[in-house]
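Below is one structure, written out as structure tokens, with a few remarks after it.
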């Protein structure tokens, strides 16, 4: 009974009616959110998925067919978001050794360029939340691949401090991504 | 092609936080492509089908705000927030689903009425910072709401159960009706009661959900249990009087580890970090329910946590710049004190300075 009305709302979306958009958001945000939680995303990440999914709905409104179930379309968008999130999370876990072990840092990249860019983008959201100094140290080490010694010298701090800061940053990332080690 | 059983296994591990690097090697290939393959897609689909769409996510107003902002949709966004001053008459606000602006203008006649009927009539009460409120529900249950809380309940309860939704902190004195169990749903847990009094604290911005039982007996369930085959439907905890359960929001797997405490001893805590829920026995319940009698009590709490309580209690914004103070522990209680008097009292045992500018307080 409820879905019958969705198609009228989609017709309204085609007319750029933002109120119709709000009604669809009110109706389905809870479902998308809980869908994300079931895949063990943090609440903040689940919120992000909801936001991205509904922005996607508005941006692609012209392509949504009011003759078809709106919910199927929404599912497609939500699924792709989750899939892409899980994919990147797994990429991170896969290369966690590389991130955790400072002796590897002089070695060549274990991952290819495409994955590297993807991973960096994915992590940037969390890295932004780090205190500025910790973030700088982490990026110098893990992305610019300076040694602890080089970082210590550059920032005029001890190597121990570099090590501690990086450990804190890694724990923060793991906690946010809900990774047990 | 994927083995569906394997992927189910993977999702269970994902939810129990037991995913190890060695598992990744096994499951990662399924996630290598941008489009999920058939086996994985079926899992997504089934999970989606099993997810209820009845209720909005916590903080949905803010998320919609952000979406509007990002898409630059120009329009007044009317929030569904109502404020009730302290100790006012019992005001129940009738809230028709989607009270937002959509009822207006040309849009109205294009939407059939069935639209509204599909949602039950819900009452909603919000309490602003610095205030408290109490209400009596249709079944005679009395609820007292603490500052910054919101309670949503139906105008009439269903015949076989009573269900309310709480954000924030509430003290419930549930009238007994064994044929209609009473459920308090919070963000992540659901509390089932027959007739009893207890306190629930579940603020969206806090990482814990605390349930303190004064008398009777209650069961705690995972809110998502009815929606997912991967989450146990059994209660995650059963509380006895003077028990307190703390649910850690970001850990999904739950088991309970209960210890008996000899009376008179300090409460011991049985913690199982993987469990996500922690039960303390023989606690001093008044410590957690004093607020309902207009007393702000704290015992050995960190200043940083006390500051959050002061913000809600006095409707002030505290800018805590003194880092060593954050970790200091205090015991005390306030009832009729003003915020200045409260800060002066705290200053007796710790070194700090403060400035007050309207409702903004800087502590350094």
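The values are calculated or read from the model by the stated rules, or taken from the named source; none is laboratory data. Bear in mind the structure is a predicted one, so any value in this text is a computation, not a measurement. Using ideal geometry, Cβ is built from the backbone for each residue, glycine included, and neighbour counts are taken over all protein chains shown.
Among the residues of the stretch A:124-145, those identified as in contact (Cβ under 8 Å) with a residue 40 or more places away in the chain and surrounded by 15 or more Cβ atoms within 10 Å (Cβ to Cβ) are A:126, A:127, A:130, A:142. Just one residue in the set B:50, B:39 is at pLDDT 70 or above, under 25 Å from residue A:44 (Cα atoms) and more than 7 Å from chain A (Cβ to nearest Cβ); that residue is B:50.
Screening the candidates B:336, B:349 for the property of being modelled with pLDDT under 85 and either touching a strand residue (DSSP E or B) at 6+ places or on another chain (Cβ under 7 Å) or over 17 Å from residue B:129 (Cα atoms) (or both) yields one hit, B:349.
Can you say whether residue A:30 is facing chain B (nearest Cβ under 7 Å), modelled with pLDDT of 90 or more, within 16 Å of residue A:77 (Cβ to Cβ) and surrounded by fewer than 23 Cβ atoms within 10 Å (Cβ to Cβ), as far as the supplied structure shows? Yes, satisfied. Residues that are closer than 21 Å to residue B:242 by Cβ and assigned to a helix (DSSP H, G or I) within the stretch B:277-312 comprise B:286, B:287, B:288, B:289, B:290, B:291, B:292, B:293, listed in sequence order. For the stretch B:258-278, indicate whether the set of residues that are farther than 26 Å from residue B:361 by Cα, touching a helix residue (DSSP H, G or I) at 6+ places or on another chain (Cβ under 6 Å) and either surrounded by fewer than 19 Cβ atoms within 10 Å (Cβ to Cβ) or modelled with pLDDT under 85 (or both) is non-empty. The answer is no; no qualifying residue exists. Taken across the stretch B:223-232, residues that are touching a strand residue (DSSP E or B) at 6+ places or on another chain (Cβ under 6 Å), at pLDDT 55 or above and either assigned by TED's automatic domain parsing to the domain that holds residue B:198 or assigned to a loop (DSSP other than H, G, I, E, B) (or both) do occur, with at least one present. Filtering the stretch A:65-107 to residues that are part of a loop (DSSP other than H, G, I, E, B), at pLDDT 85 or above and surrounded by 17 or more Cβ atoms within 10 Å (Cβ to Cβ) leaves nothing. Here the helices (runs of 4 or more DSSP H) wholly within the stretch A:1-59 that include at least 2 residues being closer than 17 Å to residue B:58 by Cβ and not assigned by TED's automatic domain parsing to the domain that holds residue A:126 are A:18-37, A:43-59.
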